[in-house]
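The values are calculated or read from the model by the stated rules, or taken from the named source; none is laboratory data. It should be emphasised that the depicted structure is a prediction, and the values quoted were computed from it without experimental measurement. Cβ: placed from backbone, ideal geometry, glycine included. Neighbour counts: every protein chain shown. With ligands, DNA and RNA removed, areas are computed over all heavy atoms of the protein, side chains included. Shrake-Rupley method; radii C 1.70, N 1.55, O 1.52, S 1.80 Å.
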Amino acid sequence: MAQTQMALDSLDFDATIALAAKVAPHVDILEIGTPCIKHNGIELLKALRAKFPNNKILVDLKTMDAGFYEAEPFYKAGADICTVLGTADIGTIKGVIDAANKYGKEAQIDLINVNDKKARTLEVVKLGAHIIGVHTGLDQQAAGQTPFADLGLVSGLKTGAKVSVAGGVKAATTKQVVDAGADIVVAGAAIYGAADPAASAAEITKIAHGSAAASKGGNKLLPWIIAAVAAVLVFSLLGKKPEEAAAPAAEAPAATEVVPAEDAPAAEAPAATEEAAPAEPAAQ
Ligand SMILES: O=C(CO)[C@H](O)[C@H](O)COP(=O)(O)O
């Protein structure tokens, strides 16, 4: 299973809150994108924190210097994750990790424009980095790049840190990135550019959560399978035909009663709302 993160990349304060209200029930993490936090400042974080207590909030600071000093106020104001650039000085990265640890939160190291992604990942994991961000930026996407090869490289290192992937991810590529090892799937344009952002967010989350739901469902079916096999064996030993094992509940052996109703396979991810929404403008 992977978590989903929606990148709020508008510059407009009220439009950001309105879009967050549509998508918050359908994603795990709300991201305040870099242009958005630069334009609106920490007050936007405080407003989102108050309105959406059930979502984690990532502030995409992309810090390049003064790591602890820059990140601390955001953790204090309710950020769950702040980002720091992987190209920054190692002391800057350590500062953001230290600030995160002070508040029991997480630091994400963004590998955008890092040349040796393997070396930097191993270096920051030693410092205690919580999340490694594999990221193809908007300008790099415009030049035709994708994050898929880098994701394979970083998740293949199996460092124990979570791996986040961002850069043009959409519903059609969500399963691919989850299968490639992403713990957090980030989508911006695929959601804010959709005719129905809530429906798009729900679709991506359903796919990202899907593999775990399927495996949990499989585990919960196990007692039923054991009960059925046991029933067939019991009836075989008693000289009855196996198909009699499918007798009405009242006649079924006690083994069929071991599975409480609540252990039925997990419910599907929440359905998309029918609320239509205007497309958000692309990030500046
Ligand atoms: O951090 C970002 C740009 O620097 C974006 O928020 C991130 O790339 C996700 O947006 P999209 O899915 O549109 O690529």
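Could you tell me which residue of segment 118-138 is most open to solvent (accessible area, probe 1.4 Å), considering only residues that are within 16 Å of the ligand (Cβ to nearest atom) and without any contact (Cβ under 8 Å) to a residue 60 or more places away in the chain?
Start the filter on segment 118-138 by keeping residues that are within 16 Å of the ligand (Cβ to nearest atom), which leaves 131-138.
Narrowing the set further to residues that are without any contact (Cβ under 8 Å) to a residue 60 or more places away in the chain leaves 131-137.
Values: 131: 0, 132: 2, 133: 2, 134: 3, 135: 40, 136: 5, 137: 6 Å².
Among those that are within 16 Å of the ligand (Cβ to nearest atom) and without any contact (Cβ under 8 Å) to a residue 60 or more places away in the chain, it is 135.
Okay, residues lined up against (1) free of Cβ contacts under 8 Å to residues at least 60 places away in the same chain; (2) open to solvent by 40 Å² or more (accessible area, probe 1.4 Å); (3) in contact with a strand residue (DSSP E or B) (Cβ under 6 Å, 6 or more places away or on another chain):
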residue	(1), (2), (3)
26	no, no, no
42	yes, yes, no
47	yes, no, no
55	yes, no, yes
60	yes, no, yes
71	yes, no, yes
76	yes, yes, no
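How many of the residues making up segment 138-181 are in a loop (DSSP other than H, G, I, E, B), small (Gly, Ala, Ser) and over 18 Å from the mean Cα position of the chain (by Cα)?
To start, the set of residues in segment 138-181 that are in a loop (DSSP other than H, G, I, E, B) comprises 143-147, 157-161, 167-170, 180-181.
Remaining after also requiring small (Gly, Ala, Ser): 143-144, 160-161, 167-168, 180-181.
After this cut, where a residue has to be over 18 Å from the mean Cα position of the chain (by Cα) as well, the list is 143-144.
The qualifying residues number 2.
Being open to solvent by 10 Å² or more (accessible area, probe 1.4 Å) and either under 15 Å from residue 42 (Cβ atoms) or β-branched (Val, Ile, Thr) (or both) is the filter here; which residues of segment 78-91 pass it?
Filtering segment 78-91 for residues open to solvent by 10 Å² or more (accessible area, probe 1.4 Å) gives 78, 80, 85, 87, 89-91.
Answer for segment 78-91, where residues must be open to solvent by 10 Å² or more (accessible area, probe 1.4 Å) and either under 15 Å from residue 42 (Cβ atoms) or β-branched (Val, Ile, Thr) (or both): 78, 80, 87, 90.
What's the number of the only condition in (1) closer than 22 Å to residue 123 by Cα; (2) within 16 Å of the ligand (Cβ to nearest atom); (3) out of contact with any Leu (no Cβ under 8 Å at 6 or more places or on another chain) that residue 99 fails to meet?
(2)
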